[in-house]
Amino acid sequence: MDISIIVPLYNEEESLPELYAWIQRVMSANNFTYEVIFVNDGSTDRSWQVIEELQKASEHVKGIKFRRNYGKSPALYCGFEKAQGDVVITMDADLQDSPDEIPELYRMITEDGYDLVSGWKQKRYDPLSKTIPTKLFNATARAVSGIHNLHDFNCGLKAYRRDVVKNIEVYGEMHRYIPYLAKNAGFNRIGEKVVHHQARKYGKTKFGLNRFVNGYLDLLTLWFLSTFGVKPMHIFGFLGSIMFMLGFIAVIIVGADKLYDMYHGNPYRLITESPYFYLALTTMILGTQLFLAGFIGELIARNSVERNKYQIEKEI
């Protein structure tokens with residue numbers, strides 16, 4: 001099979017027939033063999049009934065229905081598991097992503113050799129309250145991930161080689177960072193294509209401003225896990241050692257200062273009366289706790305079933 005198209009959706013009953021008819025026209029015009037996997041993320045409208053009707057009318061339609069709303073990442077994860085095409089395309093169900101982009105995305109994967117191609121909605125039809133935070137978010141994601149050629153990490157329109165989607169785990173709200181997940185899994189050939197962005201035709205957006213806050217927190221989590229996930233002692237042990245040594249040196253300085261005053265007959269006070277002593281003591285305690293946190297993290301990592309799970313591309 002040439003292409004698997006995965007469409008996660010939540011309350012998009014009006015747009016589904018039009019979207020599938022559009023996909024059909026593009027697939028037929030290019031003689032692709034394909035499947036369209038609609039993942040109904042706990043919709044409360046008639047979305048699932050529409051999917052059932054489409055499935056009865058076409059052998060290319062498959063559907064997954066969640067009992068409740070889990071989010072876009074779980075929807076993509078289940079879609080990736082079910083996908084059988086050589087190239088996997090993801091797109092939103094709100095008609096803002098154009099199926100006309102699919103042939104070129106497919107070509108970039110199969111002929112240009114990309115592992116992943118992400119869409120870039122260079123000209124957007126969104127309000128400034130959405131576009132400005134998006135630009136800041138993408139700038140931060142580029143800096144942290146090291147994928148400097150992507151302008152729009154969160155674009156729903158992406159294409160993947162099948163190996164990519166079968167070797168990454170999308171969970172929580174990590175769908176925003178699939179290129180970063182792919183890079184961490186060893187798929188470094190990541191490209192970008194300018195795609196057409198259309199104004200929403202039906203309904204309203206399902207995402208609020210809280211996604212930007214959650215996005216930054218998820219990015220920090222992903223960076224930390226990818227950098228120190230299997231070697232926590234390298235960060236906690238290092239910081240703990242530095243803090244302990246600073247506190248220890250500070251205690252010595254406080255004690256030496258008192259001895260100096262005693263030796264020269266200067267007025268002095270007890271070490272326990274100095275606020276610097278307690279600051280130094282607190283620093284030493286925090287340093288010890290950080291070091292122990294790193295040690296416990298190492299024990300947990302050593303017992304992880306995935307501690308020696310590596311991405312092997314070929315064997316001969």
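The values are calculated or read from the model by the stated rules, or taken from the named source; none is laboratory data. Source: prediction; values computed, not measured. As a convention, Cβ positions derive from the backbone with ideal geometry for all residues, glycine included, and neighbour counts pool all protein chains shown. Protein only, heavy atoms only, side chains kept; ligands, DNA and RNA dropped before computing areas. Shrake-Rupley method; radii C 1.70, N 1.55, O 1.52, S 1.80 Å.
For (1) open to solvent by 70 Å² or more (accessible area, probe 1.4 Å); (2) within 21 Å of Met174 (Cβ to Cβ), each residue gets a yes or a no:
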| residue | (1), (2) |
| --- | --- |
| Glu53 | yes, no |
| Lys65 | yes, no |
| Gly71 | no, yes |
| Phe80 | no, yes |
| Gln96 | no, no |
| Pro99 | no, no |
| Asp112 | yes, no |
| Val117 | no, yes |
Q) For the range 136-181, which residues satisfy the criterion of being open to solvent by 50 Å² or more (accessible area, probe 1.4 Å), closer than 20 Å to Asp41 by Cβ and either of a type in the set (Ser, Thr, Tyr) or modelled with pLDDT of 90 or more (or both)? A) Tyr171
**Q.** Selection count, the range 82-94, where residues are buried (at least 20 other Cβ atoms within 10 Å of the Cβ) and charged (D, E, K, R)
**A.** 1
Q: Go through the range 141-173 and give me each residue that's under 22 Å from Val195 (Cα atoms) and assigned to a helix (DSSP H, G or I).
A: Ala141, Arg142, Arg162, Val164, Val165
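For every residue, the table says whether it meets (1) over 23 Å from Asp152 (Cα atoms); (2) in contact with a strand residue (DSSP E or B) (Cβ under 9 Å, 6 or more places away or on another chain).
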| residue | (1), (2) |
| --- | --- |
| Ser4 | no, yes |
| Leu9 | no, yes |
| Glu18 | yes, no |
| Tyr34 | yes, yes |
| Arg68 | yes, no |
| Leu76 | no, yes |
| Phe80 | no, yes |
| Asp86 | yes, yes |
Q. Which condition breaks for Leu219 when tested against (1) of a type in the set (A, V, I, L, M, F, W, C); (2) outside any loop (DSSP other than H, G, I, E, B); (3) open to solvent by 10 Å² or more (accessible area, probe 1.4 Å); (4) modelled with pLDDT under 90?
A. (3)
**Q.** Whichever residue in the range 27-51 is touching an Asp or Glu at 6+ places or on another chain (Cβ under 6 Å) and of a type outside the set (Phe, Trp, Tyr) and, among such residues, is most open to solvent (accessible area, probe 1.4 Å)
**A.** Arg46
Q: State all residues of the range 148-189 that are over 27 Å from Leu19 (Cα atoms) and in contact with a Leu (Cβ under 7 Å, 6 or more places away or on another chain); if no residue qualifies, say none.
A: Ile168, Tyr180, Ala182, Phe187
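I need the full set of residues from the range 182-196 which are part of a helix (DSSP H, G or I), surrounded by fewer than 21 Cβ atoms within 10 Å (Cβ to Cβ) and of a type in the set (Gly, Ala, Ser), in order please. Steps first, answer last, please.
As a first pass, look at the range 182-196 and keep what is part of a helix (DSSP H, G or I): 182-184.
When the remaining residues are screened for being surrounded by fewer than 21 Cβ atoms within 10 Å (Cβ to Cβ), the result is 183-184.
Within the range 182-196, none qualify.
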Q) So, of the residues in the range 239-287 that are in contact (Cβ under 8 Å) with a residue 40 or more places away in the chain and open to solvent by 70 Å² or more (accessible area, probe 1.4 Å), which turns out to be nearest to Ile300 (Cα to Cα)? A) Leu239
